[in-house]
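Notes follow once the structure below has been shown.
The values are calculated or read from the model by the stated rules, or taken from the named source; none is laboratory data. Here the structure is a predicted model, which is why all the values come from computation and not from measurement. Here the Cβ positions follow ideal geometry from the backbone for every residue, glycine too, while neighbour counts run over all protein chains shown.
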2 protein chains.
Amino acid sequence: MELFGSHGNYNVEGVDTLNACYGGTNALFNAVNWIESSAWDGRFALVVASDIAVYGPGNARPTGGCAAIAMLVGPNAPLVIEPGIRGTHMEHVYDFYKPILNSEYPVVDGQLSIQSYLKALDMCYSAYSKRFQEKIGKSFSLKEAEYIVFHSPYNKLVRRAIARLQFNDFLVNPDDPAFKEVQRYRHQQREESYFNRGLATAFEKTSNDLYATKVLPSTHLSVELGNCYSASLYVGLLSLIDQVSDELSGKRVILFSYGSGLSSSMFSILVRGSVEFMKQKQKISKRLSQRQFVDPAEFTKLLGLRESHLLASAYIPEGPLNLFPGTFYLDKVDDKYRRYYKRKLKDSKL
Amino acid sequence: MELFGSHGNYNVEGVDTLNACYGGTNALFNAVNWIESSAWDGRFALVVASDIAVYGPGNARPTGGCAAIAMLVGPNAPLVIEPGIRGTHMEHVYDFYKPILNSEYPVVDGQLSIQSYLKALDMCYSAYSKRFQEKIGKSFSLKEAEYIVFHSPYNKLVRRAIARLQFNDFLVNPDDPAFKEVQRYRHQQREESYFNRGLATAFEKTSNDLYATKVLPSTHLSVELGNCYSASLYVGLLSLIDQVSDELSGKRVILFSYGSGLSSSMFSILVRGSVEFMKQKQKISKRLSQRQFVDPAEFTKLLGLRESHLLASAYIPEGPLNLFPGTFYLDKVDDKYRRYYKRKLKDSKL
């Protein structure tokens, strides 16, 4: 079976939006805007957030995971993006980038990456809160949200992120009785606190309950899969749906999207209908149980194989093909670098 | 002066949309949709269409040009995109593509590229006409438009494109007296006619007046500059404004955007206010006269210099710096591939 032959023919709009792990979020915003615009013709929008990110050999490699998320966007959806309330922060930062065009591996400044993520979180939270006040007419704090889903490069950063948001709430309302253990940070400047270990530890302690109740359900999949890059935030949302299902009904979920470079946004979803069908359809536990585990040495070998054919032409992929039925895969690359795909059939033994 | 330091800080939305020469058009649609959406906060959108495309040594290289276009999008504009009327065609085609990631040069299938452009034009014209009928309540033909602006890889293809649109009109209304010379093509199938030389010549002849009155004014800049890639369509629109200015008032302008791969759209603009200020601001004739001409050998040498530093780190650009005042330029690339820019000052002798 040949896919994408020259007979393909689609009257659809939209092209790739690229910005590290933020591309899918921008595509989602574009899709929602389209549906609200005069250009909308009644059809659904389809947003696909995916990535090809891998790390080179070294400490960071085991943090990498993979996932792709497809989202159907249309009217009368059970998950509704709150209109007019979002905060965005963009900044020119070399925290994680791919300047070596013939390599898949990024250049990473680990410390700067953490600082950039936390600063973007501060800025987006502040901008989101301002818009919330303007639209809803009351001041925003974490009490207004039942769940918070974060872009998750690794779980420890998510743990720090919720502590950081609580620190933001503390600066706005330091006299709240919940903050009596952290009064020594009353006059701490935001900008100078990204690597203040005492502060981080103190707020991780005060945010323990907050993390357990409002964040933990969205982290299940990232912890199992690793960094899902562009799909990460939406993998978190799916995890939340899987863990909580219809107890989400009527609740507000805050989402924080981050892409290195950097682009970041905070926005919120109101749950207006049942999401149990999503949980049923996704079968998360079953699919997690079907994974095959390989040794690090085997994984390194497979990535090496991939690396050695990165710019290949006239190439037929080797290697194992342990694919779920229905999966598309690269069949060959011809001498003009044209790529041909096939799909594993249901009854195929590939 | 250093640009884009780590102090940059912007609450703005939007990231790169990429798809060969179509990216700017998709960004324009996204910007207009945003302004019509609940996410809009009253600010202008800025759309920048630009490219880094160059051809390798050979016949195609002299067709290459360059330009970047910035468009301010907001309410009460003199140029209004007609709401709800556009036709789009997407197809998976290897006509012009860049599979060699460590090279700037594309792989091109010239014949397929022409066929893809003309087929996309047919499909978009048909989809646009259908939407026009639905929204405006009458059938569309070229008589409904005062001007037509095409994506222009080279002028000869634009000449073929207007002939092709007239062929489309002919198939819908073959008994129009204007078509009495081409009756032998009454039963010609669209799909089999892309390389029918007799047909192309016949319709180029019947479309001579059409080209001269409705297309020519938009081609002035492309003919002077060469292929402007992502900016091409909007360079055409600017050329039209420069040549016709306020005689555009009240008129409908059709635009056809094409990006290899392929993505394409036809849409229309209604001119609702004076555009003379754009003409005055752009000073096209003056700026064209300020260009410096270099020999092909010198041009080849400069592109060779560029090619040899494509993936460079720890690099300080050499070569001449004949820049207009106010131009940004690459000052250096450090050993971590981070790029630093400067701007030529008004009184600088660089």
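Listing for the model above:
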{"quantity": "Some residue of the range A:170-181 being under 16 Å from A:Q115 (Cβ atoms), at pLDDT below 95 and either in the same structural domain as A:Y147 (by TED's automatic domain parsing) or of a type outside the set (S, T, N, Q) (or both)", "calculated": "no"}
{"quantity": "Cross-chain or 6+ apart pairs with Cβ under 6 Å, the range B:129-141 first and part of a helix (DSSP H, G or I), then aliphatic (A, V, I, L, M) and surrounded by 15 or more Cβ atoms within 10 Å (Cβ to Cβ)", "calculated": "B:R131/B:I85; B:F132/B:I85; B:K135/B:I85"}
{"quantity": "Scan of the range A:61-74 for residues that are modelled with pLDDT under 95 and either within 12 Å of another protein chain (Cβ to nearest Cβ) or farther than 30 Å from B:E104 by Cα (or both), ordered by number", "calculated": "A:P62, A:T63, A:G65, A:A67"}
{"quantity": "Residues (in a helix (DSSP H, G or I), over 20 Å from the mean Cα position of the chain (by Cα), under 19 Å from A:Y154 (Cβ atoms) and touching a residue at least 12 places away in the same chain (Cβ under 8 Å)) located in the range A:191-246", "calculated": "A:A200, A:F203, A:E204"}
{"quantity": "Output for the range B:75-89, where each listed residue is within 8 Å of chain A (Cβ to nearest Cβ) and within 17 Å of the chain's Cα centre (by Cα)", "calculated": "B:R86, B:G87, B:T88, B:H89"}
{"quantity": "Complete set of residues in the range B:102-148 that are under 21 Å from B:K251 (Cβ atoms), in contact with a Pro (Cβ under 9 Å, 6 or more places away or on another chain) and buried (at least 21 other Cβ atoms within 10 Å of the Cβ)", "calculated": "B:Y147"}
{"quantity": "When residues of the range A:322-337 are limited to those that are out of contact with any Phe, Trp or Tyr (no Cβ under 7 Å at 6 or more places or on another chain) and within 29 Å of A:S289 (Cβ to Cβ), the one farthest from the other protein chains (Cβ to nearest Cβ)", "calculated": "A:N322"}
{"quantity": "Which numbered condition A:G58 misses (of (1) within 18 Å of the chain's Cα centre (by Cα); (2) free of Cβ contacts under 8 Å to residues at least 24 places away in the same chain)", "calculated": "(1)"}
{"quantity": "Selection within the range A:23-49 - within 7 Å of chain B (Cβ to nearest Cβ) and farther than 16 Å from B:S37 by Cα", "calculated": "A:G23"}
{"quantity": "Residue within the range A:4-13 that is farther than 20 Å from A:L225 by Cβ, assigned to a strand (DSSP E or B) and either within 7 Å of chain B (Cβ to nearest Cβ) or at pLDDT below 95 (or both) present", "calculated": "yes"}
{"quantity": "Among the residues listed as B:L112, B:L165, the single one being within 12 Å of another protein chain (Cβ to nearest Cβ) and of a type in the set (A, V, I, L, M)", "calculated": "B:L112"}
{"quantity": "A:G58, sole failed condition from (1) away from every other protein chain (no Cβ under 13 Å); (2) within 20 Å of B:N19 (Cα to Cα)", "calculated": "(2)"}
{"quantity": "Qualifying positions in the range B:172-203 - surrounded by 18 or more Cβ atoms within 10 Å (Cβ to Cβ) and not hydroxyl-bearing (S, T, Y)", "calculated": "B:F179, B:V182, B:L199, B:A200, B:A202, B:F203"}
{"quantity": "Some residue of the range B:150-161 being under 30 Å from B:A70 (Cβ atoms), in contact with a strand residue (DSSP E or B) (Cβ under 8 Å, 6 or more places away or on another chain), among the charged types (D, E, K, R) and in a helix (DSSP H, G or I)", "calculated": "no"}
